[in-house]
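Enquirer: One structure, as structure tokens, below. Some questions next.
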Amino acid sequence: MLAAATAACSSNKDEKPAASGATSAVTTSQVADTGKFVVRYDRAMASDLAKDGKKIAQDNKVIDDLAEALGNVYKLPKDVTVVGKECGEFNAYWDPQKQSIVLCYEMFGIAEKFAKAQAEDDLTLFNVYFDGITRMITLHESAHMAINLYSLPTTGREEDAADQLGALILLTAPGVGGLGGLGAASDFWFAVSDDPASLDARSYADQHSLSQVRAYNLLCWLYGAVPDKLGMLVQQPGQPEEKGLLPSQRAVGCPDEYNRMRASWETLLKPYIKIELGLPTTATATTSARATPSATTTPTR
Ligand SMILES: [Zn+2]
């Protein structure tokens, strides 16, 4: 669902954060790491999409894997639930009242359909798409969690900040998995972008950036992480404009943008995480970072 896809994590918009305030001077040794991510699969009863999403998520222990990945990143002072549930729409969100990350079964259902359409019978490519999309969305929500749980300061829109941190953690994955996953997530965001003719005041005023903008941001950070290896993502002189190809005017600043973003999040999160954010310097990029040259398939509603 196009509108719902762009409004991901908006269902808790009226809820107030459980904690707020300026970040205190916390050192690594002061941060308790006594909590864990606890997985729960709720029922799916109403829609076939939710039932399908639940089946693929539960049969393949997808949420278990996501929770394990989160546990390898964050230090938790208390348990946080990662719950799969039927939401009635494509969505995922951080619930500050229940201190839980909610992953809607519809999100898994749509990610599976999109991945199948892109990969056809290529299982490896399917996994790049399915894992990339579901991880990017989960990591985005984990960024909301981190901002709330650790009372991190944010300037600008939190939704953009959450995309930044989500992308950085995704890129932290070893090998080319993180690069491919981020490319797949960018493809997905392009595919669910609204027709510009349908945009209205609500679209422009939304707390999320337009899906097209989010897709190009991911592409910029992907290219910015390894600019010497991913030149194929950039529009070359004389090359026609193409969806999913980074205009050179933006691309030229992406390495600096990526490095500043990485340094900023490292400063903010250092006491609270167990990893070094961003692409390891030893990682190598291949063309698999861009799973397909175009993303024209619209996921089934
Ligand atoms: Zn969000």
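Just so you know, all these numbers are worked out from the coordinates, no wet-lab data involved. Model, not experiment: these values are computed from the prediction. All Cβ positions, glycine included, derive from the backbone under ideal geometry; neighbour counts span all protein chains shown.
Enquirer: Cβ neighbours within 10 Å, averaged per peptide: list 265-272, 166-173, 79-86 in order, most packed at the top.
Expert: On the way: 265-272: 16.9, 166-173: 25.2, 79-86: 19.6.
Per-residue mean Cβ counts within 10 Å order the peptides as 166-173, 79-86, 265-272.
Enquirer: At q = 0.17, 0.23, 0.25, 0.27 Å⁻¹, what log₁₀ I(q)/I(0) does the range 198-257 have when each alpha carbon counts as one equal point scatterer in the Debye sum?
Expert: Treating every Cα as an identical point scatterer, log10 I(q)/I(0) equals -0.60, -0.89, -0.97, -1.06.
Enquirer: Now for a separate question. If eta is 1.002 mPa s and T is 20 °C, what Stokes-Einstein diffusion coefficient results for the range 221-284, Kirkwood Rh from Cα pairs, in µm²/s? Before the final figure, lay out each step's value.
Expert: Working: Rh = 13.1 Å.
For the chosen part, D equals 163 µm²/s.
Enquirer: Now, a different point. Identify all aspartates and glutamates with a Cα-Cα distance to Lys116 below 19 Å; exclude those on the same chain that are fewer than 8 residues away in sequence.
Expert: Reachable aspartates and glutamates: Asp48, Asp52, Asp59, Glu106, Asp131, Asp187.
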